[in-house]
1. Can you go through D42, D37 and tell me which one is modelled with pLDDT of 90 or more, surrounded by fewer than 12 Cβ atoms within 10 Å (Cβ to Cβ), outside the structural domain of D204 (by TED's automatic domain parsing) and not in a loop (DSSP other than H, G, I, E, B)?
2. Which residue pairs have Cβ atoms closer than 8 Å, lie 6 or more positions apart in sequence or on different chains, and pair a first residue in region 185-204 that is more than 17 Å from V81 (Cβ to Cβ) with a second residue that is surrounded by fewer than 17 Cβ atoms within 10 Å (Cβ to Cβ) and at pLDDT below 95?
3. Residue check: is R47 modelled with pLDDT of 90 or more, loosely packed, with under 14 Cβ neighbours inside 10 Å and not assigned by TED's automatic domain parsing to the domain that holds Q211?
4. Scan region 108-119 and tell me whether some residue there is more than 17 Å from V133 (Cα to Cα) and surrounded by fewer than 20 Cβ atoms within 10 Å (Cβ to Cβ).
5. Kindly establish whether G93 is at pLDDT 95 or above, surrounded by 14 or more Cβ atoms within 10 Å (Cβ to Cβ) and of a type outside the set (A, V, I, L, M).
6. Within region 11-28, does at least one residue satisfy the condition of being assigned to a loop (DSSP other than H, G, I, E, B), at pLDDT 85 or above and under 30 Å from D204 (Cβ atoms)?
7. Restricting to region 169-221, count the residues that are more than 30 Å from F72 (Cα to Cα) and in contact with a Lys or Arg (Cβ under 8 Å, 6 or more places away or on another chain).
8. Determine whether D32 is closer than 25 Å to A214 by Cα, at pLDDT 90 or above and not aromatic (F, W, Y).
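The values are calculated or read from the model by the stated rules, or taken from the named source; none is laboratory data. All figures in this text were calculated on a predicted structure; none of them were measured in a lab. Cβ placement follows ideal geometry from the backbone for every residue including glycine, while neighbour counts extend to all protein chains displayed.
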Amino acid sequence: MASRPIPRKKTSPAVVDYILEQIFEGHLKSGDRIDLDQVCRDLDVSRLPVREAIVMLERDGLVTSTYHRGVFVEPFDAKSVIDDFEIIGLLSGVAVRRLAEEQDREVITELEGLVDELRAAPAGDRDRTIELVRTILTTEHRAGGSRRLRAELRAFTGYLPLVFRISTNRSHDEIVEAHARVVRAVAAGDGEKAARYRVDDFRDAGRKVVQELARRGVLSGE
């Protein structure tokens with residue numbers, strides 16, 4: 001693993017991102033033991049944020065921690081990825097359906113502006129695209145989701161930005177249209193259509209992410 005000191009604030013999420021990157025790039029494979037001391041050295045952090053990161057990853061089913069044996073990468077297969085995207089799509093669909101029903105014009109105007117920003121973003125700027133997609137989803141979930149729904153979505157979406165970043169087989173235009181049609185349906189007050197579009201989008205994204213992870217040899221059983 002390459003050395004990469006990170007800022008002290010929000011250290012645990014940064015450690016999570018680093019370990020996920022090692023998994024999704026194929027440097028850590030299913031069943032591999034994660035050398036936590038090496039992670040500390042690579043990132044120039046103490047043991048505490050690394051342990052916190054492991055708790056977060058274990059919660060998401062990506063690693064398992066065994067007393068006296070260490071931390072190991074869990075089997076990471078296509079069904080797990082597809083299931084995560086399916087669940088997130090369904091939960092997010094609840095939020096956008098409610099947004100369409102409530103017709104908060106201020107929120108809808110904000111979302112339309114964010115979609116315009118996404119459309120104008122350079123197609124090759126993956127980080128900017130991911131940032132805007134995250135902002136669109138966060139805005140929808142904050143405005144349309146209950147406290148319970150937002151908590152469930154947070155539990156599932158921790159590693160998705162990194163997964164999207166490594167997946168290059170969705171074009172910029174596809175990503176823009178996926179979010180634009182949801183917002184159009186919300187603005188039109190069609191909650192069922194907005195929810196269906198969101199589920200369809202995450203299903204499609206999940207399939208394409210699986211294709212990319214399989215190409216990289218990351219998925220177990222491939």
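1. Numbers: D42 fails: surrounded by fewer than 12 Cβ atoms within 10 Å (Cβ to Cβ).
After applying the criteria, what remains is D37.
2. Here the result reads none, with nothing in region 185-204 linked to a residue that is surrounded by fewer than 17 Cβ atoms within 10 Å (Cβ to Cβ) and at pLDDT below 95.
3. Details: modelled with pLDDT of 90 or more: yes; loosely packed, with under 14 Cβ neighbours inside 10 Å: yes; not assigned by TED's automatic domain parsing to the domain that holds Q211: yes.
The answer is yes for R47.
4. To start, the set of residues in region 108-119 that are more than 17 Å from V133 (Cα to Cα) comprises none.
Within region 108-119 (the criterion being more than 17 Å from V133 (Cα to Cα) and surrounded by fewer than 20 Cβ atoms within 10 Å (Cβ to Cβ)), the answer is no, since none of the residues qualifies.
5. On the way: at pLDDT 95 or above: yes; surrounded by 14 or more Cβ atoms within 10 Å (Cβ to Cβ): yes; of a type outside the set (A, V, I, L, M): yes.
For G93, the condition - at pLDDT 95 or above, surrounded by 14 or more Cβ atoms within 10 Å (Cβ to Cβ) and of a type outside the set (A, V, I, L, M) - is met.
6. Here is the first cut: in region 11-28, the residues assigned to a loop (DSSP other than H, G, I, E, B) are 25-28.
When the remaining residues are screened for being at pLDDT 85 or above, the result is 27-28.
Add one more test, that the residue is under 30 Å from D204 (Cβ atoms), and what stays is 27-28.
Yes, the conditions are met somewhere in region 11-28.
7. Within region 169-221, the first condition is being more than 30 Å from F72 (Cα to Cα), and the residues that meet it are 170-201.
Next cut, in contact with a Lys or Arg (Cβ under 8 Å, 6 or more places away or on another chain) only: 170, 176, 180, 182, 185, 191-192, 194-195, 197.
Adding up the residues that qualify gives 10.
8. Working: closer than 25 Å to A214 by Cα: yes; at pLDDT 90 or above: yes; not aromatic (F, W, Y): yes.
Spelling it out, D32 is indeed closer than 25 Å to A214 by Cα, at pLDDT 90 or above and not aromatic (F, W, Y).
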